[in-house]
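Asker: Starting off with a structure, shown below.
The values are calculated or read from the model by the stated rules, or taken from the named source; none is laboratory data. Just so it is clear, the model here is predicted, and its values are computed rather than measured. Cβ coordinates were reconstructed from backbone atoms using ideal geometry, including for glycine residues, and neighbour counts include every protein chain displayed. Accessible surface areas use protein heavy atoms only, side chains included; no ligands, DNA or RNA. Shrake-Rupley method; radii C 1.70, N 1.55, O 1.52, S 1.80 Å.
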Amino acid sequence: PPSRLKACLREVPDASMPTWWQTLRTIEGAGEADVSPNTESDQYSDNFNEKEKRPCCRCTAQVIAGSICGGCCLVIMILMAALVYVGYGLVSMTQQRVNVQDPHILPTQFPRYNECGGCKAGYKTDAEIEACAEPCFSLKFILDWEKLAKESGYKLVYFPSRIGPKGEPSVNVSAWWLPPEPRAGVDSSTAPRIVALHGLASNNNHCGVQASCFLLRQMGFGCITPSVRDYGFSGPSTHPDTLSWGYDYHLDLLGAWDYAIADPDGLLGGALSPGKVGVMGFSKGALGAAIAFALEHKIPGAWIDSAPYSGLEGAIASTIRPYAGFLTPLLKAPVWWSASHFAETPLDYYKPLPLLEDCSGPARHVAVSQGMFDNNVPVTEGQNAITLMAGLPECYTLTAYTPPEYCNGASHHQEMWEFSDDTRTVMCNFWSAAFGQSNATCSVPLPHYQLWHPPESQPPGAPSIRKTLNFEY
């Protein structure tokens, strides 16, 4: 009937229409009544064969196909734009300053101002700390941390980084010097020192750094906590608008390591041998620690916590792969292209795994620490590092520490306050072995803080260990 053909009449060329269709198009403007079926039109309708239907069917199919194609193209364009923006965000200094802590907060103030384990940054009363910390950790942990910080003191120190990979000038790096807790058997002038490097969008007032150093100081180790270039009180880099990832941040850590050995300003208690100064890092800071450890063979031990060992490109792929499968290369490409395009330096100039593979003896101590529920850095990154270094016993004495960290929804390097007693024990044994000394000094009776003891007990909401590791027993 003519009323059903109106949509097609405007689309089909005159040459392809029967004469009666052309007539209908001519009189179409006269209204529906003018094209009502009559004897003649019924006759044409009876003779309307399949061949004459094809132009209308063809135009309908073209409209549908065009709509689908256009919609798919729009979705793809939006997805590509989102992926490009993600890549930009990974290197943009503007994007990565959002969560930066206030560098003016002193080590004596930090325990009460901290934003660890789900607490908000800012001064908090005991009641407010207790409310935000539990069920992950206790108020006693914070109060003892605050007490040690006030009694043991601190110093703000400065030193030059090492020279850049392409001869770039050194940067003036700032750091907190946090001496060990004064007690019998601990001499701060001879106690081993550990350089601890913060993670992404942060400075040396970083929860992982400061809380770990609290545990280390309790055990008789000193800490130096640098802020990398462009952060905290450290000087500007040659790339002030973008992050460099695997290019030059490890040079700030190595500058701190040099300073901890030489003590050129006489502020640390005296010089030490290189075998008494180790390094540790968290997340992106662990990337820097892994690179520094691989390049400087005099470092006796490294505690590498939740590092993207395969570099930024590999970490992007590891993050996408569980969701995209065989499409991973296709989705990774625009993210990596965008990050590389906007960066001012080569992003993966150094990658830890190839550097660590190119090794020789004597064996040095390395700890790979990462929570089994980590949702920031894929756990496959830590697994690959464990597999590599466990297979090179002539190069490395490996400690693997993978607790089921989950604290108020967070699962990325939470062990120092959630499993503080276990972490302190593992650290004591690891650093004692790395420095070639007895663990008697650091294994003295110390206060207990830990509320949860897996697998018997875990915080509310923690994922299932069995389901996460995909096994039954």
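Asker: Quick one: pull the percent of accessible area on the chain belonging to carbon and sulfur, 1.4 Å probe, ligands and nucleic acids left out.
Answerer: On the way: 12190 of 21100 Å².
C and S atoms contribute 58 percent here.
Asker: Only bridges whose two residues both fall in the chain count here: according to DSSP, what percent of them are antiparallel, nearest 5?
Answerer: On the way: 13 of 36 bridges.
In the chain, DSSP labels about 35 percent of beta bridges as antiparallel.
Asker: Quick check on region 337-424: take the gyration tensor over C-alpha atoms, sort the square-rooted eigenvalues as a ≥ b ≥ c, and tell me if it's rounded (a/c under 1.5), prolate or oblate.
Answerer: Details: a/c = 2.54, a/b = 1.09, b/c = 2.33.
Oblate, since a/c reaches 1.5 and b/c is not below a/b.
Asker: Equivalent-ellipsoid semi-axes (√(5λ), Cα gyration tensor) for region 90-202, whole Å, largest first?
Answerer: On the way: eigenvalues 165, 110, 24 Å².
One finds semi-axes of 29, 23, 11 Å for region 90-202.
Asker: Each residue of region 302-310 in turn: what ³J(HN,Hα) in whole Hz from Karplus with 6.51, -1.76, 1.60 and θ = phi - 60°, glycine and Pro shown as x?
Answerer: Once rounded to whole Hz, the list reads 9, 9, 10, 10, 6, 8, x, 4, 8.
Asker: Can you work out the FRET efficiency for the pair LEU327 and TYR349, with r the C-beta to C-beta distance and R0 = 22 Å, to the nearest 0.05?
Answerer: On the way: r = 28 Å, r/R0 = 1.27.
About 0.20, to the nearest 0.05.
Asker: May I pose another question? How much length, in nm to one decimal, is gained on full extension between HIS453 and VAL75, taken as 0.36 nm per residue of separation minus their Cα-Cα distance?
Answerer: Separation in residues times 0.36 nm, less the Cα-Cα distance, equals 131.4 nm.
Asker: How much length, in nm to one decimal, is gained on full extension between ASP187 and LYS166, taken as 0.36 nm per residue of separation minus their Cα-Cα distance? Before the final figure, lay out the partial values.
Answerer: Working: separation 21, 0.36 × 21 = 7.56 nm, distance 4.02 nm.
That pair, ASP187 and LYS166, stretches by 3.5 nm at full extension.
Asker: Okay, next question. Show me, for region 447-458, the HN-Hα J-couplings you get by feeding each phi into the Karplus relation (A = 6.51, B = -1.76, C = 1.60, θ = phi - 60°), rounded to Hz, glycine and proline as x.
Answerer: x, 9, 10, 5, 9, 10, 9, x, x, 5, 8, 9
Asker: Can I ask one more? Taking a probe of 1.4 Å, how large is the accessible area per residue of the chain, in Å²? Before the final figure, lay out each step's value.
Answerer: Numbers: 21100 Å² over 473 residues.
About 45 Å² of surface per residue is accessible.
Asker: Take THR468, THR225 and sort them by solvent-accessible surface of the protein heavy atoms, 1.4 Å probe, largest at the top.
Answerer: On the way: THR468 60, THR225 0 Å².
Ranking THR468, THR225 by accessible area, largest first, yields THR468, THR225.
Asker: For GLY220, list long-range residues whose amide hydrogen, built 1.01 Å from N in the peptide plane, is under 5 Å from its own amide hydrogen.
Answerer: Under 5 Å from the amide H of GLY220: GLU181.
Asker: When the Kirkwood radius is taken over all Cα pairs of the chain, what Stokes-Einstein diffusion coefficient follows at 37 °C and 0.692 mPa s, in µm²/s?
Answerer: Values: Rh = 25.6 Å.
Calculated translational D: 128 µm²/s.
Asker: Still on this structure, I have one more. How far apart, in nm, are the 7 Å Cα→Cβ label points at LEU295 and SER438?
Answerer: 3.9 nm
Asker: For CYS116, CYS69, write out the residues from largest to smallest accessible area, computed with a 1.4 angstrom probe and no ligands counted.
Answerer: CYS69, CYS116
Asker: A follow-up question, please. Add -39500 (n - 2.57) for each DSSP H run of 4 or more in the chain, then divide by its residues: what number comes out at 222 nm, to the nearest 500 deg cm²/dmol? Please list the in-between numbers first.
Answerer: Numbers: 17 runs with 202 residues, N = 473.
Computed mean residue ellipticity for the chain: -13000 deg cm²/dmol.
Asker: Just by accessible area at a 1.4 angstrom probe, what is the order of CYS72, CYS136 from largest to smallest?
Answerer: Working: CYS72 70, CYS136 0 Å².
Largest accessible area first, the list is CYS72, CYS136.
Asker: Could you work out how far apart the two model spin labels at LYS155 and SER464 are, taking each label as a point 7 Å from the Cα in the direction of the beta carbon, and quote it in nm?
Answerer: Inter-label distance under the simple model: 5.5 nm.
Asker: What angle, in degrees between 0 and 90 and rounded to the nearest 10, separates the Cα long axis of helix 284-295 from the longest principal axis of the Cα atoms of the chain?
Answerer: The angle comes out at about 60 degrees.
Asker: For LEU197, list long-range residues whose amide hydrogen, built 1.01 Å from N in the peptide plane, is under 5 Å from its own amide hydrogen.
Answerer: Amide H to amide H, under 5 Å and 5 or more residues apart or across chains, LEU197 pairs with MET280, GLY281, PHE282.
Asker: With a Cα-only, solvent-free Debye model of region 217-300, what are the log10 I(q)/I(0) values at q = 0.16, 0.21, 0.26 Å⁻¹?
Answerer: Log10 I(q)/I(0), no solvent term: -0.66, -1.06, -1.38.
Asker: Something else about it: Take the cross-link list LYS166/LYS298; LYS124/LYS276; LYS120/LYS351; LYS166/LYS284; LYS155/LYS284 and give me the ones stretching past 29 Å between alpha-carbons. Spell out each step's value before the answer.
Answerer: Details: LYS166/LYS298 22 Å; LYS124/LYS276 37 Å; LYS120/LYS351 34 Å; LYS166/LYS284 22 Å; LYS155/LYS284 25 Å.
Flagged as over cut-off: LYS124/LYS276; LYS120/LYS351.
Asker: Grab every C-alpha pair in region 244-387, bin the distances at 5 angstrom width from 0 up to the longest one, and report whole percents.
Answerer: Spelled out per bin, shortest first, that is 2, 10, 18, 20, 18, 14, 9, 6, 3, 1, 1, 0.
Asker: With a ≥ b ≥ c the root eigenvalues of the C-alpha gyration tensor of region 152-199, is it rounded (a/c under 1.5), prolate (a/b larger than b/c) or oblate? Numbers along the way, then the final one.
Answerer: Values: a/c = 3.12, a/b = 2.64, b/c = 1.18.
Note, shape of region 152-199 comes out prolate.
Asker: For helix 249-262, report the angle its Cα long axis makes with the longest principal axis of the Cα atoms of the chain; keep it between 0 and 90° and round to the nearest 10°.
Answerer: 0 degrees
Asker: I've got another one for you. Charges only on Cβ, +1 for Lys and Arg, -1 for Asp and Glu: so what's the dipole of the chain about the Cα centre, in debye to the nearest 20? Before the final figure, lay out the partial values.
Answerer: On the way: 32 positive and 46 negative charges, 86 e Å.
It comes to approximately 420 debye.
Asker: Pull up all non-local amide H partners of TYR449: gap of 5 or more, or a different chain, and H-to-H distance under 5 Å with H placed in the peptide plane.
Answerer: Amide H neighbours of TYR449, under 5 Å, 5+ apart: ASP421.
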